[in-house]
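Each remark here refers to the structure printed beneath this line.
The values are calculated or read from the model by the stated rules, or taken from the named source; none is laboratory data. A quick note: this is a predicted structure, and the numbers were derived from the prediction, not measured. Using ideal geometry, Cβ is built from the backbone for each residue, glycine included, and neighbour counts are taken over all protein chains shown. For accessibility, only protein heavy atoms count, side chains too; no ligands or nucleic acids. Shrake-Rupley method; radii C 1.70, N 1.55, O 1.52, S 1.80 Å.
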Amino acid sequence: MKETKKFGVISLGCDKNRVDSEKCISMMQNAGYTLTSDAQKAQIVIINTCAFLQSAREESVDTVLETAGYKSGNLEKIVVTGCLPQKFSKELFSSLSEGDIFLGVNDYDLLPSAIKKSYETGERINLVGKGSDTFRFARTLTTAPYLAYLKIADGCYNHCTYCLIPKIRGRYRSYPAENLIEEARNLGEVKELVLVAQDTTRYGEDLYGENRFPQLIRELSGLDNIKKIRLLYCYPDAFSSELISEIKTNDKVLKYVDIPLQHSENRILKLMNRRGTREEYLALIRRLKEEIPGIAIRSTFISGFPSETEEEFNAMRAFIKEARLFNCGFFAYSKEPETAAAKMKNQVHYKTKRRRVRQLYETQSAVAQSILLSYVGKTVRVLCEGVDYERGQFFGRPYFFAPEIDGKVYFNANEATEGEEYDVLILSAAFPDLTGRTEDYKRRTEDYKRKKGEAEE
């Protein structure tokens, strides 16, 4: 009997890439290959790359070079897929000789046949742009079994002046709702389904001629196997009244939303080609908080954009204090090739950018800490994600923490099972995390103290 070749997958970059990688795994398994998590045992390693920023491109290339070291052992083929070969196909194929097969973001359907051809001919293969962008339902989850991401669209047509995504992923393309419903139904029981796209709020506009994001949320929430839904990457200018109402009234939708604002000052927002103003952003934040009490809002900001003045930077810090967002990510502007912003005058020095990002984190940390302190003494529902053996505590997430990007709740309990929910009394807060205990643990501690006291008497 012919030995089945083993393959491994390294997925870099965002959670949208993770979904593509999970579909690649399923495709390979259906083609007869065996998945291994140990790269040293794999004959084939698929590296799904990111090219969003220079740092991501460097990480992608470094990963290929590091993986090539295994060719002295079992490794026979390295497949380089995703954003990096999509954008730099010819340069990468000629310079990165460690890669055997190159596929772009729409070429995953060619994966098994490309590997077969590479083995038959012994030649390096570049098939970037040769695929058909076929929608595939089947996935092998790489997340915990109770968590899954659902990519509802690909590409982008916002054309922010700093961003390469439209040049890599192409125009915005919503996936048909019936396909997404079927994909979600096939995921099994999911405690938390996270909806992702470059811009989730524009779902349906290209495909149906109208925005159908709230409708898609309603249809997904109708599935019995989906317990909760989390919304990420909701652009502020497309945040409709219907969407606000859906978040407010749909019990399956977690009261959490990620809204990438990127800046607060109108002149910089215009240079970024971002729709919206400081005043409109603050109005949206106020409305969400008023209509959906307890909503947790997360955002991302870029500092050091070309010509950003110290006054504009300080105004952004003031915005962050006023907006009182639950959590934020901050990034130094990265000068990317073939973007309009790269050609702008008055580029900000990298030391200034680093300092501004550091100060933004300091500002937000103080805001977030004050929000977290408001939970001390309160009981929150926490989804257990495992045990931190160094701390000797269980850990998990409440609705106001998204997976991988926000904080955690560490808690003591008599016992807790991964994937189950528990009521946790919060005892302390230290940004970005909370610490607490379950009620049964409190009773056990009190019983222990009582018995100890009786024994001492």
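Calculated [222 nm] ellipticity per residue, helices only, for the chain: -11000 deg cm²/dmol; basis is -39500 (n - 2.57) per DSSP H run with n ≥ 4, divided by all residues, nearest 500. For the stretch 277-354, the Kirkwood estimate of hydrodynamic radius, built from reciprocal distances between every pair of different alpha carbons, is 14.2 Å.
Per-residue accessible area (protein heavy atoms, 1.4 Å probe) orders Thr435, Thr142 as Thr142, Thr435, starting from the largest. Taking only protein heavy atoms and a 1.4 Å probe, the accessible area of the stretch 52-193 is 49% carbon and sulfur. In loop segments of the stretch 326-400 as defined by DSSP, the trypsin sites (Lys or Arg not before Pro) with at most 16 further C-beta atoms inside 10 Å of their C-beta are Lys345, Lys378, Arg391.
What's the FRET efficiency of Ser245 with Glu280 using the Cβ-Cβ distance as r and R₀ = 25 Å, to the nearest 0.05? That pair, Ser245 with Glu280, gives E of 0.85. Which GluC sites (Glu not before Pro) in the stretch 1-82 sit in a loop by DSSP (not H, G, I, E or B) and have at most 11 other Cβ atoms within 10 Å of their own Cβ? Sites meeting the loop and neighbour criteria: Glu3.
Applying a threshold of 22 Å to the alpha-carbon distances of Lys77/Lys335; Lys227/Lys289; Lys6/Lys117 flags Lys77/Lys335; Lys227/Lys289 as lying beyond it.
Partners of Lys167 within straight-line reach, counting aspartates and glutamates whose Cα lies under 17 Å from its Cα and excluding those fewer than 8 residues away in the same chain: Glu91, Asp107, Asp133, Asp154, Asp199, Glu336, Glu338.
Of Thr352, Thr201, Thr417, the order by accessible heavy-atom surface (1.4 Å probe, DNA, RNA and ligands excluded), from most exposed downward, is Thr417, Thr352, Thr201.
Extension gain for Thr352 to Ala318 (0.36 nm times residue separation, less C-alpha to C-alpha distance): 10.4 nm.
With pairing defined as another cysteine C-beta under 4.7 Å, the cysteines of the chain that fail it are Cys14, Cys24, Cys50, Cys83, Cys156, Cys234, Cys328, Cys384. Please give the per residue accessible area of the stretch 156-300, computed with a probe of 1.4 Å over protein heavy atoms only, in Å². That works out to 38 Å² per residue.
Using a Förster distance of 41 Å, how high is the FRET efficiency between Glu123 and Leu35, based on the Cβ-Cβ distance and rounded to 0.05?
The calculated FRET efficiency here is 0.95.
Extending 7 Å from the Cα toward the beta-carbon at both Leu65 and Thr417 defines two label points whose distance is 4.8 nm. Once the Kirkwood radius over Cα pairs is known for the stretch 58-118, the Stokes-Einstein relation at 25 °C and 0.890 mPa s delivers a diffusion coefficient of 206 µm²/s. When all protein chains stay in place and ligands, DNA and RNA are ignored, the 1.4 Å accessible-area order of Val9, Val382, largest first, is Val9, Val382.
Strictly over 32 Å apart at the Cα level, which of Lys116/Lys151; Lys255/Lys345; Lys41/Lys130; Lys71/Lys351 would you flag in this model?
Lys255/Lys345; Lys71/Lys351, as the Cα separations exceed 32 Å there.
Under a Cβ-Cβ cut-off of 15 Å, what is the net charge of the residues other than Arg136 that fall near it, where Lys and Arg count +1 and Asp and Glu count -1?
-2
Identify the trypsin sites (Lys or Arg not before Pro) of the stretch 1-39 meeting these criteria: DSSP loop state and at most 12 other C-beta atoms within 10 Å of the C-beta.
Those that pass, being in a loop and sparsely packed, are Lys2.
Where the alpha-carbon atoms of the stretch 187-290 are placed on the principal axes, they occupy 47, 32, 20 Å, in descending order.
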